[in-house]
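Notes for the one structure printed next.
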Amino acid sequence: MPILPLSPDALWRSCDSEQFDFETTADLEVVHEVVGQERATDAVRFGMGIRKPGFHIYALGPEETDKERVIRRFLEERAAGEPVPTDICYVNNFDESHRPTALLMPPGKGSELANDMDRVLEEVRAGLEAAFESEEYQTRRRALEEEAGEEQEEALSELSDRARQDGIALMRTPVGFAFAPVRDGEVLTPEELGELPEADAESIKARIRELEAELQQVLRKIPMRQREVRDQVRELNREVAGYAVRDLLDELRTKYEAFPEVLQHLDHVQAHMVENVRQFIARPEQQVPPEMAALMETAGEGRSLRRYRVNVLVDHSEADSAPVVYEENPTYQNLVGRVEYQALLGALTTDFTMMKPGALHRANGGYLLLDARRVLLQPFAWDGLKRFLSSGELRIESPGGGLGLVSTVSLEPEPIPLNVKVVLLGDRMLYYMLSDLEPDFPQLFKVAADFADETDRTPEGEQLYARLIATLAGQDELRPFDRGAVSRVIERSARWAGDAEKLSVQTRDVLDLLREADHWAGEEGAETISASHVQEAIDQWVHRSDRIRERMQEQILRETIYIDTEGEAVGQVNGLSVLTIGGFSFGGPTRITAQVQLGSGKVLNIEREVELSGPIHSKGVLILAGFLGGRYAQDNPLSLSASLVFEQSYSGVEGDSASSTELYALLSAIGEVPLAQGIAVTGSVNQHGAVQPIGGVNEKIEGFFDICSGRGLTGDQGVLIPASNVKHLMLASRVREAVRDEQFHIWPVQTIDEGMEILTGRPMGAPDEDGVYPEGSVNREVVDRLAELARLRKEFGRSAGDGGAEGEEGSGG
């Protein structure tokens, strides 16, 4: 029974707008569930709910499914019912300043403590200045200093009196103290001293030496006494500072008595302030010009006061739920935080106040979304993320320091507990590669949320899809869509899915179409978007994208690329392929030819020989040899050598969708049976001759139709497709109209025999009881030609054998 071409109704599944009971999408309720992603949403809910180590989520699927928006909504809904995490603060470690201490405070308490410490610093400075300027302090300090001065003067006065009794005066000179003999109250000059009797002069000199020795003993006691005075003044300062600082910090101790870590820190602050009280007091002799004030603030005074402040790394004072953070640029430092440096007098300096948080800090206690590919592309980011998720602790460190590559002294902040749920967004290929090649990945990301590309097209599904369109239009503030526009969007969605029984759930593409339709409605001044506006958006998108397609079709129509659409030829057939360039897919014909000659049963794939054939295409060609052997070489070996090639193909060939086409060309070449050139072919084949489904069937049919239409339709042209691809047909209106007018045909075939009968107009023929095919059938022509080739090969082998024997005898003689 001959295979009939498909009717126009089989080429397109329309969406009946009458099934909708709304006028525009403004009448529809917003859809809250995610359309067509039940499996993925169940996985996300499970991943969010389980709080065990390693159950982080990897959301796999195409970006067009808008995974980020869907997951973010789920996370925000989940986070809304979860508590606000603690504030993360760091304070100075007064024992080891390069190891700042972490303080985890209830939400809002961190910034409150920081403000309180800033206020205390201002009050401490003022309070200490007042205490040290008080009359009581000044009196006690003067008393200590004057007591030491009086003791020094008393010792010098006593020494001076004893010297005067011996006629020697103690004099103060610019260079120190000196003794000199006196007479009648006048110091003797050297000349007068020389006129004295030698015995008297020696006696005076000896006494002066004794007095000088006593003076040295007195002077040696002065520094010791001054040190005692300084120690006493220092102790006085501690006493005065202790009272002033203790009173202010006691207020904070009362306020934060429920936080032992804060109380311990306040004790350290008080002890350090008392020991370093001079940094709070600007004494008159320390005043500097105004132009030096800023430098001193940075270099000394300000830095010394910053050590008492609180660095609030993460402040949740205004949060009302657990955080949901999406880090667009997941560099190592953006993930784990960083320590900044400041150039000062030719050197780089830092302290705990220059620590900045990373995304893991901001998301701690909540959820963190990351793009998997971006994380993997950033140096050290993936290793850092794995390390902190595995350890359950988060610390700020430079990437070089974490790997032991840098020995520069830097900060080593105290680590904090890490409690975060990480969601990676990526495609399927990356997920499978990580699962196979990254040992730590399956241990950390145990939950796979697989987002589907499509969903079933049922009446209920179309109703839900209409609500999805209404939701997207409402969120983007677009004009409402009428029923006809909704139907056209649904039909376009089925075409995106490449299946009349499916709908695409790649919402990003849907939203783009809605936006473009809204634009064309605005250009027309319409208040409601109709089907014509949706169609205009589709047509304009195709027009913007199809320059390369037009150029390739032009090359065929101008016969630069050889494609016949009329007549017959032996061993030649039009195959169909699909190209995708910049998101735009289109099909086109390619001439495939076969040549047959005497040989040993080898089918030569020319594409493979020149390394232009991919493994799947090469597999398809080997299947052809299996088919020939199974059908025609049960009793005799194949005695042919065949070659197959894609003519005028200058790039790689991959896929098996042309294997049936190659088999048609091969059978035609063997049996010398001409094939109709107005019929193009697509479909893969197995070793038993069954035609199998392929992808891109709509684009392939339209590509060949456009060539035929460009040359003028004859009514005999068409395409052979696998019967299993009929359910995928969503063809353009121009093709459907030509089929309706019987100017173009689409035949569904299940076997190679059915296809050959359409291409040749002759029956394939079935063998009788003796295995003989009927006269005039294609199979008979093939069998007869193979028998002839076998006979010729046998005769050639006998002749070659005889010649070889004679040659051997001749050479031997």
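The values are calculated or read from the model by the stated rules, or taken from the named source; none is laboratory data. Computed from a predicted structure; not experimentally measured. Note that we place each Cβ from the backbone using ideal geometry, even for glycine, and neighbour counts take in every protein chain shown. Heavy atoms of the whole protein, side chains included, go into the accessibility calculation; ligands, DNA and RNA do not. Shrake-Rupley method; radii C 1.70, N 1.55, O 1.52, S 1.80 Å.
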*Taking the highest mean first, how do the peptides 324-330, 462-468 order by number of other beta carbon atoms within 10 angstrom per residue?*
462-468, 324-330
*Normalised by the number of residues in the range 667-727, what is the relative contact order in percent for Cα pairs under 8 Å and 6+ residues apart?*
42 percent
*Please give the per residue accessible area of the range 450-537, computed with a probe of 1.4 Å over protein heavy atoms only, in Å².*
39 Å²
*Radius 10 Å from Cβ of Ala537, net charge of other residues (Lys, Arg +1; Asp, Glu -1)*: -2
*Can you give me the P(r) profile for the chain? Cα pairs, bins 20 angstrom wide beginning at 0, each as a whole percent.*
12, 25, 22, 16, 11, 7, 5, 2, 0
_Calculated from backbone phi, Karplus (6.51, -1.76, 1.60) coupling profile of the range 715-725 in Hz, x at Gly/Pro_ = x, 9, 8, x, 9, 8, 10, x, 4, 6, 8
*Helix-only CD estimate at 222 nm, as mean residue ellipticity for the chain, using -39500 (n - 2.57) per DSSP H run (n ≥ 4)*: -16000 deg cm²/dmol
_Rounded to whole Hz, the Karplus (6.51, -1.76, 1.60) HN-Hα couplings of the range 674-682, x for glycine and proline_ = x, 10, 5, 7, x, 10, 9, 9, 8
*How much length, in nm to one decimal, is gained on full extension between Asp450 and Thr560, taken as 0.36 nm per residue of separation minus their Cα-Cα distance?*
35.0 nm
*So for the pair Asp476, Ala143, with labels modelled 7 Å out along Cα→Cβ, what separation do we get in nm?*
8.6 nm
*Of the listed peptides 380-387, 571-578, what is their order by residue-averaged count of other C-beta atoms within 10 Å, with the highest listed first?*
571-578, 380-387
_Please give the charge dipole size of the range 1-156, origin at the Cα centre, charges +1 on K and R Cβ atoms and -1 on D and E Cβ atoms. Round to the nearest 20 debye._
1420 debye
_Extended-chain gain in nm, criterion 0.36 nm per residue less alpha-carbon gap, Glu524 and Glu38_ = 171.0 nm
*Cα gyration tensor shape for the range 441-566, rounded if a/c is under 1.5, else prolate or oblate*: oblate
*Identify the GluC sites (Glu not before Pro) of the range 521-574 meeting these criteria: DSSP loop state and at most 12 other C-beta atoms within 10 Å of the C-beta.*
Glu527, Glu559
*Projected onto the charge dipole of the chain (+1 at Lys/Arg Cβ, -1 at Asp/Glu Cβ, origin at the Cα centre), which of Ala723, Phe179, Ser7 gives the Cα projection farthest towards the positive end?*
Ala723
*Could you state the per residue volume, in Å³, of the convex hull enclosing the Cα atoms of the range 394-513?*
200 Å³
*Spin-label proximity, Ser733 to the range 524-551 - amide N less than 13 Å from point 7 Å beyond Cα toward beta carbon*: 531-540
*Go ahead and run the numbers for FRET between Arg125 and Met224, Cβ-Cβ distance against an R0 of 35 Å, rounding to 0.05.*
0.55
*asked:* Give me, ordered by chain and number, the residues 5 or more places off Asp371 or on other chains with an amide H under 5 Å from its own placed amide H.
replied: Leu425
_Leaving out ligands, DNA and RNA, and with a 1.4 Å probe, what % of the accessible surface on the chain is carbon or sulfur?_
48 percent
*Assuming R0 = 30 Å, can you tell me the calculated FRET efficiency for the pair Arg547 and Ser649, based on Cβ-Cβ distance, to the nearest 0.05?*
0.90
*Once the dipole of the chain is set up with Lys and Arg at +1 and Asp and Glu at -1 on Cβ about the Cα centre, which of Leu75, Gly776, Leu376 lies farthest towards its positive end?*
Gly776
_Ordering Ile623, Ile469 by accessible area with a probe of 1.4 Å, largest first, what comes out?_
Ile623, Ile469
*Just the number, please: Stokes-Einstein D of the range 313-389 in µm²/s, Kirkwood Rh from C-alpha pairs, 37 °C, 0.692 mPa s.*
238 µm²/s
_Between the range 706-748 and the range 27-77, the Cα center-to-center distance that results, in Å_ = 41 Å
_Relative contact order (%) - criterion: Cα under 8 Å, at least six apart; region: the range 298-384_ = 37 percent
*What number, in percent, do you get for the relative contact order of the chain if the mean sequence gap of Cα pairs under 8 Å and at least 6 apart is divided by its residue count?*
16 percent
*Order of 48-55, 472-479 by packing, highest average Cβ count within 10 Å first?*
472-479, 48-55
*For Val570, residues with placed amide H under 5 Å, excluding near neighbours*: Leu675
*Output ³J(HN,Hα) for the range 324-329: one whole-Hz value per residue in order, computed from phi by the Karplus curve 6.51 cos²θ - 1.76 cosθ + 1.60 with θ = phi - 60°, and x for Gly and Pro.*
10, 10, 10, 9, 6, 10
*Please list the non-local residues whose amide H lies under 5 Å from the amide H of Val603, H modeled 1.01 Å from N, same-chain partners needing a gap of 5 or more.*
Ala642
*For the range 628-783, what is the largest minus smallest coordinate of the Cα atoms on each principal axis, given in angstrom and ordered from greatest to least?*
51, 35, 29
*Calculate, for Arg69 and Gln540, the FRET efficiency according to 1/(1 + (r/R0)^6) with r their C-beta to C-beta distance and R0 30 Å; round to the nearest 0.05.*
0.70
_Using a 1.4 angstrom probe on the protein heavy atoms only, could you order Thr593, Thr560, Thr528 from most to least accessible area?_
Thr560, Thr528, Thr593
